[in-house]
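Notes follow once the structure below has been shown.
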Amino acid sequence: MTFIYPVDSNKAHPLPLSPDYKSSIKRAPNKPLIPMCHTLSELTGPVYGHETVREGDNDLTTQHSGEPIGERIIVHGHVRDEDGRGVPNSLVEIWQANSCGRYVHVRDQHPAPLDPNFTGAGRTVSDAAGYYRFVTIKPGAYPWGNHHNAWRPAHIHLSVFGHSFVTRLVTQMYFPADPLFPFDPIFNSVPDEKARARMVSSFDLENTQPEWALCYRFDIVLRGKNATPMENH
Amino acid sequence: MQDSVKPDGITPSQTVGPFFKYGLTPTGDYAWNDAFTNSTLTPDVTGDRVRIEGRVFDGDGVVVPDCMLEIWQADAQGRFADPQDKRALPNASFRGFARCGTDKDGNYSFDTIKPGVVPDPDGKPQAPHILLAVFGRGMLRHLYTRIYFSDEAGNAADPVLALVPAERRATLTAVREAGKPVYRLDLHLQGDAETVFFDV
């Protein structure tokens, strides 16, 4: 199948400059981006499959000698294209804070405890239907210096490849009904309410495992449409 | 097909944030292994081995110590390691992708090979170039740019460089150091020397 990547789809993304997010002020280009046609360089992309992922890399609760503290959760869903088709064999990388809202990163100075049993990094490859699944710990909210009493809503960072270099996506998955949403300039940098909703996972009772873990579903929609759509039947 | 309705749009981008290193570029500093390094080189790859290096600056000219850069490129024969490139596939284990985090002084570097000529959609040759994606704290979506090489005569006829005002083309051109297979290109996210970024 041949894919096209309409530039219009990018309207879902935040604008580079979002002044409420202070770090964007000196890091957003001032000059307009230059439009260009996609060449083979843009229409192809890195291919990485199961050889990139070790067994167990999608379970962030079993990477150390003991179990991490916090609420064990399942996060799963499909990587899809804009037509809704699953994107197979796509590398999905995640990283996140621990249940107390502390990252293992050396520069995170939030006075919340580190968990010796939690690094907070994982990766997997979507299967033939585009399905992926992680087991992890629900991350905590944490304060940051953007403005007075600024707190990030709990989130999991995701990095996804897809069919080409222009489908590359780095985003954050949020949890349903977080009371911090109205106050978070990063979440609200996405101008359209419906688009913001696509960054929020849904609670998945059906796939919650009794006596073990709550489940959240998060579908990731990448750029890419069928270049030769079938006639409607 | 699985139970799906047509999505009402793509998933929006969010910043990679300041704390991606232990997940995406741990380089031995964290209890996690690297999926990628800053090198595309494989033992069997053919072509001229080059290093591309430089620094990343913000709009105040201050170095950016928490950027992540990714490159994607063709092999020395101008072929991509992706089955979607319907021409003859590379016969080496070269994959054409690498990732690098900037250090505390804003430095990045890639070890790779100089790519070959890739055709544009009209079949016109593009000068050797590497695609570069720039991610960082403060960047709500990554930016796309290209790296060209200062010693390539084909730059003058490159159809993408031709879209760029002449006075800004230097921001896309890595400059070869005398006597070494090293090219330097600094990136400026904002300001007078702002790197050209493409709307792709």
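Quick one: if the Förster radius is 30 Å, what FRET efficiency do A:F181 and B:D105 give, using the C-beta to C-beta distance and rounding to 0.05? Don't jump to the answer; show the numbers that get you there.
Values: r = 37 Å, r/R0 = 1.22.
Calculated value: 0.25.
With a Förster radius of 25 Å applied to the beta-carbon distance between B:S150 and B:R49, the computed FRET efficiency rounds to 0.90.
Nearest 5 is fine: what % of DSSP beta bridges in chain A come out antiparallel, could you say? Walk me through the intermediate numbers first.
Details: 31 of 39 bridges.
Taking every DSSP beta bridge with both residues in chain A, the antiparallel ones total about 80 percent.
For A:Y103, A:Y5, the sequence from fewest to most other C-beta atoms within 10 Å is A:Y5, A:Y103.
Placing pseudo-labels 7 Å out from each Cα toward the beta carbon at B:D60 and A:K11 gives an inter-label distance of 3.6 nm. Within segment A:93-166, list the trypsin sites (Lys or Arg not before Pro) lying in a DSSP loop whose Cβ has at most 13 other Cβ atoms in a 10 Å radius. Here the sparse-neighbourhood loop sites are A:R107. Note on the protein assembly as shown: dipole from Cβ charges, positive end direction compared against A:P68, A:W212, A:V7; the farthest Cα belongs to A:V7.
Taking the Cα centre of the protein assembly as shown as origin, sum charge times position over the Cβ atoms of Lys and Arg (+1) and Asp and Glu (-1), and report the length of that vector in debye to the nearest 20. Please report the intermediate quantities before stating the final value.
Numbers: 43 positive and 53 negative charges, 108 e Å.
That gives the protein assembly as shown a dipole magnitude of about 520 debye.
Considering only B:Y183, B:Y22, B:Y108, the mean-square fluctuation computed in a Gaussian network model of chain B, springs between alpha carbons under 10 angstrom, is largest for B:Y22. Spatial offset of segment B:79-97 relative to segment B:34-58 amounts to 17 Å, using the alpha carbon center of each.
Hydrodynamic analysis of the protein assembly as shown uses the Kirkwood radius over alpha carbon pairs. Inserted into Stokes-Einstein at 4 °C and 1.567 mPa s, it gives a translational diffusion coefficient of 58 µm²/s. I want to verify a result. In a Gaussian network model of chain B, Cα cutoff 10 Å, which of these has the top mean-square fluctuation: B:F110, B:F19, B:F94? Result: B:F19 has the largest fluctuation of those listed. Toward the positive end of the charge dipole of chain A, with +1 on the Cβ of Lys and Arg and -1 on the Cβ of Asp and Glu, the farthest Cα among A:V135, A:A28, A:M199 is that of A:A28. Listed by Cβ neighbour count within 10 Å, with the fewest neighbours leading, A:S41, A:S99 appear as A:S99, A:S41. Over the protein assembly as shown, what is the percentage of antiparallel beta bridges among all DSSP beta bridges, to the nearest 5? Around 75 percent of the beta bridges assigned by DSSP in the protein assembly as shown are antiparallel ones. Please find the FRET efficiency linking A:E211 to A:H64, where r is the Cβ-Cβ separation and R0 is fixed at 25 Å, and quote it to the nearest 0.05. Efficiency at R0 = 25 Å is approximately 0.65. Taking a sphere under 11 Å around the Cβ of A:D192 and counting the other residues whose Cβ falls inside, with K and R at +1 and D and E at -1, yields a net charge of +2. Among beta bridges identified by DSSP and lying wholly in chain B, the antiparallel ones come to about 80 percent. For A:P16, what is the net charge nearby, where nearby means another residue's Cβ is under 10 Å from its Cβ and Lys, Arg count +1, Asp, Glu -1? Neighbourhood net charge equals +2. Here chain A is treated as a sphere whose radius is the Kirkwood value from Cα pairs; by Stokes-Einstein at 10 °C and 1.306 mPa s it diffuses with a coefficient of 83 µm²/s.
Under the simplified labelling scheme, the B:D192-A:A150 pair shows an inter-label distance of 2.9 nm, with each label point 7 Å from Cα along Cα→Cβ. Taking 7 Å steps out from each Cα toward its Cβ at A:A129 and B:S39 produces label points 4.1 nm apart. Take every Cα pair under 8 Å whose residues are at least 6 apart in sequence, average their separation, divide by the length of chain A, and the relative contact order is 27 percent.
Please order B:K21, A:K22, A:K138 by the number of other Cβ within 10 Å, starting at the fewest.
Values: B:K21 23, A:K22 14, A:K138 18.
Lowest to highest Cβ neighbour count: A:K22, A:K138, B:K21.
Separation of segment A:170-205 from segment A:25-92 is 18 Å, based on Cα centroids. Be a star and scan segment A:1-19 for residues whose amide nitrogen sits under 19 Å from the point 7 Å along the Cα-to-Cβ vector of A:K194. Answer for this model: A:6-15. Computed on segment B:34-188, the Cα convex hull volume stands at 138 Å³ per residue.
The residues packed around B:Q77, meaning those with a beta-carbon under 13 Å from its beta-carbon, carry a net charge of 0 if Lys and Arg are +1 and Asp and Glu are -1.
Rule-based calculations on the coordinates, nothing more; no lab input. Computed from a predicted structure; not experimentally measured. Reconstructed Cβ throughout: ideal geometry from the backbone, glycine too, with neighbour counts over all protein chains shown.
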